[in-house]
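In what follows, a single structure is set out as structure tokens and then discussed.
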Amino acid sequence: MNKFKSVLLSAVFVAVGAFAQAQEKTERQQGHTNNNKFKQLYDEFSTPNMFRTASGAPGPAYYQQQADYKMDIVLDDENARISGSETITYTNNSPDTLNYLWVQLDQNVRVKDSPSPLIENDAAQPADTPGSFADTFLTEPFDGGFNILEVKDTNGRDLPHMINQTMMRVEMPKPLATGEKFSFSIKWWYNINDHVNGRGRSGYEYFPEDDNRAYVIAQFHPRMAVYNDVEGWQNSQFWGRDEFALPFGNFEVNITVPADHILDGTGKLMNRKEVFSKEMMKRYEKAKKSYDEPVLIVTQEEAEAAEKTKSKETKTWKLYAENVRDFGFATSRRWIWDMMAVKLGDKDVMAVSMYPKEGNPLWEQWSTKAVASTLKTFSRMTFDYPYHKAISVHAKNQGMEYPMICWNYGRPDKDGNYSDRTKYGMISVIIHEVGHNFFPMIVNSDERQWTWMDEGLNTFTQYVAEQDFAEWYPDALSEGHDKYPSRRGPAAKIVDYMGGDQNYIAPIMTKGLNVYQFGNNAYGKPATALNILRESVMGRELFDYAFKEYSNRWKFKHPTPEDFFRTMEDASAFDLDWFWRGWFYTTDYVDIGIKDVKKYYVSDEPNAEIREIAKQRGINLNDLPPLVYFVEEGSVDFNESLKGKSVLENSTTLNEYIMDNFSSAERAKIKEPKYFYSVTFEKPGGLVMPIIVEYTYADGTSKMEKYPAQIWRLNDAEVSKTIASEKEIVSIKVDPNLETADVDTSNNSWPREEVKSKFDSFKEGVKN
Ligand SMILES: [Zn+2]
């Protein structure tokens, strides 16, 4: 290269470089560079240690405590009271010496002078139902707290204890060292609440027509709090909303109820022959081999006969459960009972339903099938369901979960008719509550602290299970539905919440008690975030593998949010810190649009931009070596003759370069785009997300493109892409299938589409 030419070339580089610099400077002035949205979460996460590794797995020093229970429980149906005596054996597997134990007394949320109602901000409402009004203003508060009769060690000595609201501190004769066990016993009773009129996760429903009750009983006995490497003692009070944190253990429970009751609960029934009639045994054996249709163990006729009398005798049902975090049971003389076997891996599990006649015809049709279907989907997404049964109990207005058993709503009208809403609501709540067996009963997260870890993961998997259910039981769908109308999961369903008033939105990473819009915050948004992560960011294969890995790493253990976040990255090689940061730690929303589209052709003539730079720098354009120039359609430099021709036809420079540098074989393969588009995407929303774009061509075909979220790493407000195309592009659409939860789609199309406001559509609807 001669010296003269080299000077010229460097002038060109300076000119082009100056142009690029000017552009970057503008961006910096706009404050769009160096944003922290892709910064790793070192400040938010705790430092990995021997208990929990940086990869999100249990570490070499991981431990968990164990609490084993032996209980004798008596239900006094006449007075709606329950009493119990229990022996707790607590094993200290932690490296720490414990000076005292914390026991949870959840029922104390119902003591007469409970502070729970006092933390509610409740100004007078303009109107109220008579029932709620009477409850609030006309009656004495219900007294449903624990009466603790004694707390003793195994030698019968009283143990000093102190009750602070829903927590009881128990002192031991000497501190409990690493590896030691301590056994103690508690005697207690309480008045059972009416869960329909008083609300609550446990209690009875009263049926005035036949003066009977149906009981669903849970968090009914003093339970050990969790002690671990993250919280120490998790003794945060139960105010009524945040659920539970519980260690694993074995439960040996004898429950005495009226002899004409049936009962089911957590654990294996150890004395089936004592409590089942011969006929029930026969039907039970049949159910064990029925994989398609449930078999009735107690028929509706038998249940209706049972509700007419009341036995004075009692029966004791003996249950034993290994390695569960909790225990619940349900009992009544009014119930119909059915069962069906489900094959999972190499073993059979029993899907079970118990319901009063008020649940039919819906319950006999769909409850047990929904249980079976849920176990299949969740087992596929996580691990094979490890327990031997899963029970769905029909309880009015309830949706609540315990190991192997859950309570569910969904009641037809008195005449047996039901709406779509009732039917789908029932199937969805059953799928949801049965799903909770996996999160948090087995993957045992701390519900008191992180509602989303069980509700979000469970609601996400529920969405997958609902779609499966409709595929396996298409008859369950109403006319006009070709798939299950899931309420949560699809991206578009979370838009109203995320785009709503920021004053009433909390980040997902907030303690459950303290969030606004509980359902959207802890269920809807995390479920949708995971669904978007699976479908639109990672893809199913990578997501499902990592989700399964998390589930298997933490089954029968206590994971934290970081264990989840870290595992999802560890198993996929997907840097997701930006995703967790945006979706879980902020209240930002998605809004990505198209700001501008420019159409270009190439030419041998310098365009106005270059001419201006050359002028400023004193460069003679005639001294420049041959270059390829973009010319915008409609600009001052634009010449109509450039239209419709290929790049090689429009640029002699390019043509000569190809001839000089490419072999004829290479030339034969060369692409000859005719059209160039510079598309500028804007991002008014705070969340960084991939840009999903559909380019539609003049011949009606289209092409999808996904630019990874990292496209926003240097400029959080706008980015551009240059598209070279052989066909003319007639329209461009961002997120055409509504998969990113974009809150404002009015900027998603080029050319702009008229997006009707909700108000306009409403007005039109009224006119029509
Ligand atoms: Zn739930």
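Annotations
- Under 14 Å, Cβ to Cβ, from Gly634 - net charge with Lys/Arg +1 and Asp/Glu -1: -2
- For Lys525, the aspartates and glutamates whose Cα falls under 14 Å of its own Cα, not counting residues fewer than eight places away in the same chain, are Asp454, Glu455, Asp496, Asp588, Glu739, Asp742.
- Pairs of Cα atoms farther than 23 Å apart, the range 443-569, %: 37
- For Lys423, the aspartates and glutamates whose Cα falls under 18 Å of its own Cα, not counting residues fewer than eight places away in the same chain, are Glu358, Glu364, Asp413, Asp415, Glu433, Glu466, Asp468, Glu471, Asp475, Glu479, Asp482.
- Coil-residue GluC sites (Glu not before Pro) of the range 115-224, DSSP, other Cβ within 10 Å capped at 15: Glu120, Glu180, Glu209
- Basic side chains Lys and Arg get +1 at the Cβ, acidic Asp and Glu get -1 at the Cβ, and with that the dipole of the range 438-593 about its Cα centre reaches some 380 debye.
- From least to most packed, judged by other beta carbons within 10 angstrom and beginning with the fewest, Ser332, Ser651, Ser725 follow the order Ser725, Ser651, Ser332.
- Net length available on complete extension from Glu209 to Lys187 is 4.4 nm, with 0.36 nm assigned per residue and the Cα-Cα distance removed.
- In loop segments of the range 173-214 as defined by DSSP, the trypsin sites (Lys or Arg not before Pro) with at most 14 further C-beta atoms inside 10 Å of their C-beta are Arg199.
- Pairs from Lys343/Lys548; Lys598/Lys645; Lys376/Lys483; Lys181/Lys268; Lys308/Lys357; Lys645/Lys671 whose Cα-Cα separation, in the structure shown, is over 22 Å: Lys181/Lys268
- FRET efficiency for the pair Asn147 and Ala573, taken as 1/(1 + (r/R0)^6) with r the Cβ-Cβ distance and R0 = 51 Å, rounds to 0.35.
- Most to least packed among 304-315, 461-472 [average Cβ atoms within 10 Å]: 461-472, 304-315
- Top positive-direction residue, dipole computed over the range 551-603 with Cβ charges, set Val597, His558, Tyr585: Val597
- For trypsin sites (Lys or Arg not before Pro), the sites in the range 392-456 that DSSP calls loop and that have at most 11 other Cβ atoms within 10 Å are Lys414.
- Spacing of the modelled spin labels on Ser746 and Val730, each 7 Å from Cα toward Cβ, amounts to 2.7 nm.
- Cα gyration tensor shape of the range 216-317, rounded if a/c is under 1.5, else prolate or oblate by comparing a/b with b/c: prolate
- Volume of the Cα convex hull of the range 563-648, divided per residue and given in Å³: 241
- Note on Glu293 and Asn155: with the Förster distance fixed at 56 Å, the Cβ-Cβ geometry gives a FRET efficiency of about 0.55.
- Extension gain, Thr722 to Asp420: 0.36 nm times the residue separation minus the Cα-Cα distance gives 103.8 nm.
- Shown for Ser114, Ser419: other C-beta atoms within 10 Å of each C-beta, ranked fewest to most, produce the order Ser419, Ser114.
- FRET efficiency estimate (nearest 0.05) - Cβ-Cβ, Ala61 to Phe137, R0 56 angstrom: 0.55
- Entries in Lys615/Lys727; Lys669/Lys733; Lys389/Lys555 that, when Cα-Cα distance is taken, lie over 26 Å: Lys615/Lys727; Lys669/Lys733
- The three principal axes of the Cα atoms in the chain give end-to-end lengths of 110, 65, 59 Å, sorted in falling order.
- Highest mean packing comes first when the peptides 57-63, 429-435 are listed by Cβ atoms within 10 Å, giving 429-435, 57-63.
- For the chain, the 222 nm mean residue ellipticity estimated from helices alone, with every DSSP H stretch of n ≥ 4 adding -39500 (n - 2.57) and the total spread over all residues, rounds to -7500 deg cm²/dmol.
- Set the Cα radius of gyration of the range 156-294 against 2.2 N^0.38 Å, with N its number of residues, and you get 1.39.
- Distances between placed amide hydrogens fall under 5 Å for Met224 paired with Gln104, all partners being 5 or more residues away or on another chain.
- Distance (nanometres) between label positions extended 7 Å along Cα→Cβ at Asp623 and Lys669: 4.1
- Put simply, when 45-52, 741-748 are sorted by average Cβ atoms within 10 angstrom per residue, most first, you get 741-748, 45-52.
- Estimated distance in nm for a label pair at Asp43 and Lys112, the labels positioned 7 Å out from Cα along Cα-to-Cβ: 5.2
No lab work stands behind these numbers, since they all come straight from the coordinates. Owing to the predicted nature of the structure, the values given are computational and were not obtained by experimental measurement. Ideal geometry is used to build each Cβ from the backbone, glycine not excepted, and the neighbour counts take in all protein chains shown.
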